[in-house]
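The values are calculated or read from the model by the stated rules, or taken from the named source; none is laboratory data. On a predicted model such as this, the values are computed, not experimentally measured, just so you know. Cβ placement follows ideal geometry from the backbone for every residue including glycine, while neighbour counts extend to all protein chains displayed. Areas reflect the complete protein model, heavy atoms only, side chains present, ligands, DNA and RNA absent. Shrake-Rupley method; radii C 1.70, N 1.55, O 1.52, S 1.80 Å.
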Amino acid sequence: MQRISGQDASFLYTETPTVLMHTLKIQIFDSNYGDSDYPLLHSWLESALHTVPMLRQRVMFVPGNLHHPVMVDDPDFDLESHIYRAALPAPGGKAEFDQMISQILCHRLDRQRPMWELWALTGLEGGRVAIVHKIHHCLADGVATVRYLDRVFQRYAGCEQREMTAPTWQPHPLPSARKLVWQALVDHARYDIRRLPAFLATLLRGTRNLLRFNREVGSPTMEIMAHPLPRTRFNHTLSARRSFTTRQFSLADVKALGKRLNGSINDVVVAMGAGAVRNYLLLHDDLPEQPLCVAVPVSADETGAVREFGNRTTYLPTCLWTNIADPLERFRKIKKSTAVGKQELEAMGKAFVPDLMNFLPPAFSIWKTRRKQRMRIADRADFNPRTNLIISNVPGPQDQQSGQYGTLLDLYSMGPLVEGVGLNITAWSYAGNLNFSIMGCKKALPDIDRLADGLMQALEELQMAAQDGAEQVLQTLAPEGDVE
């Protein structure tokens, strides 16, 4: 029995029938799927059960929500109930693939068993096969999922099937309600009460640092709290339906652009998202005069930490400056806002938010979610979103992986939506490519491909602006008569 952290548990507390807190990791293999491939896939997962506990464990809530839930062995675990096979309708192109992923996204994971599914999708153009990992966010964030994929697939990718003999695994019986309550009280006494003074000191120090930072520099977080963000078509109560699509870019091109503009890959990713959102909202006559804001998930792990389970994430607040038409000026503003957001995180400490969530009472978080759902708060006129959308950028494996199952051609990732925030743009780098996954509430984004196409337009606008800016600098610096 393992107690999950407050941040892990928050993804359970905030989940509703329309706010679905699972993530997707999509692997596309150059592999002609045959009858022998399913037993191989089954063997990989079965061999990983003893080394990746989250595959065989389910969530149990404590009676009365006296503490955060625990992960326990599922005595009725059935691997067959977690692996699904489906064939795309002809011709198996991008439209059919996106529609299938949208359908997979729309269904909530069963909390009465381990909260993950694996889908093997065949019928893709060119004889490819897609392996889709659907994992509840309470189990792993992006950093942990990278290691999970490495453990389950890359470790066994070159193994012969006969070598993948699964060790005997015997589940423990489910704990009784009395044991759950008793262990909750023990954990409070043994850990939480003892850690409370240190936590209060950290809370005081972080708050003091934030106030000082706000006086000296200006805190993005306090600015958002003081001045409500504008609302767009993304910022309403979510439906259960999802729209999904992907786009792919050269990582070298994005790196070169970032270097040319004296920025980072992340700056370019956020700027591409800003340009795409601006053009999409202009198309729908829904662009506010004020700039939109975005939450960028960043790792709160200590340097060198290795983690294969759970979440250790905080959020970088930054401004998209979607009210600025010039792409170069917009990029400079985004870069500056992101730098200020990073300074604020350093002042508070990246672990501030994850540690704070350990001490939030579960009953309060669950009550707050139910109240939002019952009152449809995100549709009320006085609703103030804390962010307009989510954009994340996660570095994935840079070398192309291959093994007995085939060559891993592409890797995509998708995070969840939260209430009142109906757009998530997630970028993962893999083997020289930067792969974007775009998901929205279908009610808010029925034409999500229009927004996705705007990513390429935004990148091209930035490249042209950077080139024009460089030429202007050269003309300014060149001696008279050297430039025709």
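Go through the stretch 253-263 and give me each residue that's closer than 19 Å to Y430 by Cα and free of Cβ contacts under 8 Å to residues at least 60 places away in the same chain. Spell out how you get there, then give the answer.
Of all residues in the stretch 253-263, those closer than 19 Å to Y430 by Cα come to 253-258.
Those that are closer than 19 Å to Y430 by Cα and free of Cβ contacts under 8 Å to residues at least 60 places away in the same chain: K255, A256, G258.
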Checklist outcome for this item: In the set E117, E125, the lone residue that is in contact (Cβ under 8 Å) with a residue 12 or more places away in the chain, closer than 24 Å to M414 by Cα, of a type outside the set (V, I, T) and open to solvent by less than 30 Å² (accessible area, probe 1.4 Å) is E117
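Considering only the stretch 461-477, state which residues are open to solvent by less than 30 Å² (accessible area, probe 1.4 Å) and either modelled with pLDDT of 95 or more or more than 14 Å from P327 (Cα to Cα) (or both). If you could, list the steps in order and put the result at the bottom.
Step one: of the stretch 461-477, the residues open to solvent by less than 30 Å² (accessible area, probe 1.4 Å) are 462, 465-466, 469.
Result: L462, single match.
Could you run through the stretch 18-54 and say how many residues are at pLDDT below 90 and either among the hydroxyl-bearing types (S, T, Y) or in a helix (DSSP H, G or I) (or both)?
Keep residues of the stretch 18-54 that are at pLDDT below 90, which gives 29-54.
So of that shortlist, the ones also either among the hydroxyl-bearing types (S, T, Y) or in a helix (DSSP H, G or I) (or both) come out as 31, 33, 36-48, 51, 53-54.
So the count comes out to 18.
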Checklist outcome for this item: Apart from one, (1) of a type outside the set (A, V, I, L, M, F, W, C); (2) crowded, with 16+ Cβ neighbours inside 10 Å; (3) within 21 Å of the chain's Cα centre (by Cα) all hold for Q398; the odd one out is (2)
Item to check | Subset of the stretch 257-282 (residues that are hydrophobic (A, V, I, L, M, F, W, C) and assigned to a helix (DSSP H, G or I)) | outcome: L257, I265, V268, V269, V270, A271, M272, A274, A276, V277, L281, L282
Next on the checklist: Filter the stretch 208-231 down to the residues that are in a helix (DSSP H, G or I) and free of Cβ contacts under 8 Å to residues at least 12 places away in the same chain and list them by number.
Outcome noted: R208, L211, N214, R215, E216, E223, M225, A226
Checklist entry - Is one or more of the residues making up the stretch 51-63 on the phi > 0 side of the Ramachandran plot and open to solvent by 20 Å² or more (accessible area, probe 1.4 Å)? => result no
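Sort through K336, K350 and tell me the only one that's farther than 17 Å from F199 by Cβ, open to solvent by 30 Å² or more (accessible area, probe 1.4 Å) and charged (D, E, K, R).
On the way: K350 fails: farther than 17 Å from F199 by Cβ.
Matching residue, one of K336, K350: K336.
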Checklist entry - Residues of the stretch 24-50 being crowded, with 22+ Cβ neighbours inside 10 Å and within 29 Å of C441 (Cα to Cα), which ones? => result L24, K25, I26, I28, F29
Checklist entry - Can you name the number of the only condition in (1) buried (at least 18 other Cβ atoms within 10 Å of the Cβ); (2) touching a Leu at 6+ places or on another chain (Cβ under 7 Å); (3) basic (K, R) that K342 fails? => result (1)
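Hey, among A363, A458, A452, A378, which residue is buried (at least 22 other Cβ atoms within 10 Å of the Cβ) and more than 16 Å from V294 (Cβ to Cβ)? Spell out the reasoning first.
Values: A363 fails: buried (at least 22 other Cβ atoms within 10 Å of the Cβ); A458 fails: more than 16 Å from V294 (Cβ to Cβ); A378 fails: buried (at least 22 other Cβ atoms within 10 Å of the Cβ).
Answer to the check: A452.
Please count how many residues of the stretch 75-92 are over 29 Å from E46 (Cα atoms) and under 25 Å from the mean Cα position of the chain (by Cα). Outline the logic, then answer.
Taking the stretch 75-92 as the starting set, the residues that turn out to be over 29 Å from E46 (Cα atoms) are 89-92.
From what's left, under 25 Å from the mean Cα position of the chain (by Cα): none.
Total meeting the criteria: 0.
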Item to check | Every pair of residues 6+ apart whose Cβ atoms lie under 6 Å, when the first sits in the stretch 447-468 and is in contact (Cβ under 8 Å) with a residue 12 or more places away in the chain while the second is of a type in the set (G, A, S) | outcome: I448/S243; I448/G440; L451/A276; G454/A276; L455/A276; A458/G275; A458/A276
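Residues K372, K442: which one is in contact (Cβ under 8 Å) with a residue 24 or more places away in the chain and either closer than 14 Å to T245 by Cβ or aromatic (F, W, Y) (or both)? First the steps, then the outcome.
Working: K372 fails: either closer than 14 Å to T245 by Cβ or aromatic (F, W, Y) (or both).
K442 is the lone residue from the list that is in contact (Cβ under 8 Å) with a residue 24 or more places away in the chain and either closer than 14 Å to T245 by Cβ or aromatic (F, W, Y) (or both).
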Checklist entry - Within the stretch 269-317, how many residues turn out to be within 30 Å of V52 (Cβ to Cβ) and either crowded, with 23+ Cβ neighbours inside 10 Å or in contact with a strand residue (DSSP E or B) (Cβ under 7 Å, 6 or more places away or on another chain) (or both)? => result 15
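Part of a strand (DSSP E or B), hydroxyl-bearing (S, T, Y) and closer than 26 Å to T18 by Cβ: is that true of T314 in this structure? Break it down into steps so the answer makes sense when it comes.
Values: part of a strand (DSSP E or B): yes; hydroxyl-bearing (S, T, Y): yes; closer than 26 Å to T18 by Cβ: yes.
So T314 fits the description; yes.
Report yes if V306 is at pLDDT 95 or above and closer than 26 Å to P395 by Cβ, otherwise no.
Numbers: at pLDDT 95 or above: no; closer than 26 Å to P395 by Cβ: yes.
No; evaluated as a whole, the condition is false for this residue.
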